[in-house]
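These notes are about the structure you will find just below.
The values are calculated or read from the model by the stated rules, or taken from the named source; none is laboratory data. Because the structure is predicted, anything quoted here is derived from the model rather than measured. Here the Cβ is made from the backbone with ideal geometry for all residues, glycine too, and neighbour counts use every protein chain on show. To get the accessible areas, we keep the full protein, side chains included, count just its heavy atoms, and leave off ligands, DNA and RNA. Shrake-Rupley method; radii C 1.70, N 1.55, O 1.52, S 1.80 Å.
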Amino acid sequence: MTVSSEDELAALKRIGRIVADTLEAMGRAIEPGMTTRELDAIGRSVLEAAGARPAPETVYGFPGATCISVNEEIAHGIPGERRIAAGDLVNIDVSAQMNGYFSDTGASFPVPPVTRATERLCKDGRRALWAGLRQVGTGRPIAGIGRAVGAFAEKNGYTLVRNLASHGVGRALHEEPTEIATWPDASERRIMTEGLVLTVEPFLSLGADFAENRDDDPWTLYSRPRARTVQYEHTVVATRNGPLILTMAG
């Protein structure tokens, strides 16, 4: 989507704030002993109270309002009876739509007590996200996002999951430009136009470079090789002044 009016931007800001507030509420609610289904119910309640509809469920028939992935699961985890434990690493991805506009955000939450390596991974996951966000702007190369995130990962001894990409968003949950790499991609030639709406969502890992399904679950993605992995995500608009971040909680 390319923003073409103040009304469109206002609608994107509304749904962006809603998914950000939902993610924040879910992150605050995490505690050992609760199930991921219970955590998902909190997210559903916040979305519905704001008049939004969960996108994975309504668009793809996903069995939950939000995606909740724990430890070896790195994306698209199905909310269920798994109980969150102390020391876990929980990723929450929230996307929703309201009045025909979509927004998408996510973050990883360590459940204390966790190892120093996990604490550092979470801190650096946020830094990797910002390395990519700083490359967003009118007339700038899309490839700059992946180059910046890749340089950060290499400098700090991490790997990047290279088959989970950022994407366009706005009028649909996934739209053009598709497959925006958050790793260096020499074949990428696209340029960001004024008002382009997209996500930036690197998957930073302690050793994984691929995400894979298991035969018994068509949804949940696991790290390959198995390694702790974090994802942080914002929906942004490319502007002449850089990225306008839509998914900030308020």
On the principal axes of its Cα set, how long, how wide and how thick is region 6-245? Give whole Å, largest value first. 48, 42, 32
Sparsely packed trypsin sites (Lys or Arg not before Pro) within region 151-205, loop by DSSP, other Cβ within 10 Å at most 14: Arg189, Arg190
What number comes out for the charge environment of Pro184, summing +1 per Lys or Arg and -1 per Asp or Glu over other residues with Cβ under 12 Å away? -1
Name the residues whose placed amide hydrogens come within less than 5 Å of the amide hydrogen of Asp104, ignoring near sequence neighbours (fewer than 5 apart) on the same chain. Thr235
Picking from Ala172, Ala117, Ala29, which is most flexible by a Gaussian network model of the chain using Cα springs under 10 Å? Ala117
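Tell me, what % of the accessible area of the chain is carbon and sulfur with a 1.4 angstrom probe?
On the chain, the fraction of accessible area on carbon and sulfur atoms equals 50 percent.
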Name the long-range amide H neighbours of Arg228: under 5 Å, sequence gap of 5 or more, or other chain; modelled H, no Pro or chain starts. Leu206
Per residue value of the accessible surface for region 43-135 (all protein chains in place, 1.4 Å probe), Å²: 41 Å²
Looking at the chain as a GNM with Cα springs under 10 Å, which of Gly170, Gly100, Gly146 has the largest mean-square fluctuation? Gly100
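Of the GluC sites (Glu not before Pro) in region 149-241, which ones lie in a loop per DSSP and count no more than 15 other C-beta atoms within 10 Å? Present the calculation step by step, with values, prior to reporting the outcome.
On the way: sites: Glu154, Glu175, Glu179, Glu188, Glu194, Glu212, Glu233; in loops: Glu188, Glu194.
Those that pass, being in a loop and sparsely packed, are Glu194.
Which values, in whole Å and largest first, are the semi-axes of the equivalent ellipsoid of region 43-107 obtained as the square root of 5 times each eigenvalue of the Cα gyration tensor?
Values: eigenvalues 104, 25, 22 Å².
Working through the eigenvalues yields semi-axes of 23, 11, 11 Å.
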